[in-house]
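Q: My questions all concern the structure below.
The values are calculated or read from the model by the stated rules, or taken from the named source; none is laboratory data. Predicted, not measured: the structure shown is a model, and the values here were computed from it. Cβ placement follows ideal geometry from the backbone for every residue including glycine, while neighbour counts extend to all protein chains displayed.
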Amino acid sequence: VPRVPGARWVVPRLVGEVRYSTRTREGMLRQPSWLRLRPDLTPEESAADVPDDLV
């Protein structure tokens with residue numbers, strides 16, 4: 001976990017769904033939009049949409 005002044009790291013308890021146009025070279029989401037909560041999923045059951053070259 002990186003040390004960032006003023007940041008508070010938390011354990012994920014909820015899963016959300018977002019839509020985005022693409023990713024930047026740094027792996028950040030471009031034009032993300034919140035869609036909805038996913039009460040049918042737990043954080044352990046879900047995985048971030050991460051491109052292979054960033055893993």
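Q: Considering each residue of region 25-55, count those that are part of a loop (DSSP other than H, G, I, E, B) and at pLDDT 90 or above, and give that number.
A: So the first thing to find is which residues in region 25-55 are part of a loop (DSSP other than H, G, I, E, B), and the list is 25-28, 31-32, 38-51, 55.
So of that shortlist, the ones also at pLDDT 90 or above come out as 31-32, 38-42.
The total comes to 7.
Q: Right, something else. Pairs needed: first member in region 37-48, closer than 7 Å to Val15 by Cα; second member anywhere, of a type in the set (Lys, Arg) and loosely packed, with under 10 Cβ neighbours inside 10 Å; C-beta distance under 9 Å; at least 6 residues apart or different chains.
A: Correct list of pairs: Thr42/Arg13; Pro43/Arg13.
Q: If you check every pair at least six apart or on different chains, which have Cβ atoms under 8 Å apart with a residue in region 12-27 that is over 27 Å from Pro39 (Cβ atoms) first and a residue that is assigned to a strand (DSSP E or B) and of a type outside the set (A, V, I, L, M, F, W, C) second?
A: If the second residue must be assigned to a strand (DSSP E or B) and of a type outside the set (A, V, I, L, M, F, W, C), the pairs left are Thr22/Arg30; Thr24/Arg30.
Q: Could you list all residues from region 1-45 that are exposed (fewer than 10 other Cβ atoms within 10 Å of the Cβ) and either in contact with a Cys (Cβ under 6 Å, 6 or more places away or on another chain) or charged (D, E, K, R) (or both)?
A: Matches in region 1-45: Arg3, Arg8, Arg13, Arg25, Glu26, Arg30, Arg36, Asp40, Glu44, Glu45.
Q: Consider Val18 carefully, then state whether it is among the hydrophobic types (A, V, I, L, M, F, W, C), part of a strand (DSSP E or B) and modelled with pLDDT under 95. Give the derivation first.
A: Working: among the hydrophobic types (A, V, I, L, M, F, W, C): yes; part of a strand (DSSP E or B): yes; modelled with pLDDT under 95: yes.
For Val18, the condition - among the hydrophobic types (A, V, I, L, M, F, W, C), part of a strand (DSSP E or B) and modelled with pLDDT under 95 - is met.
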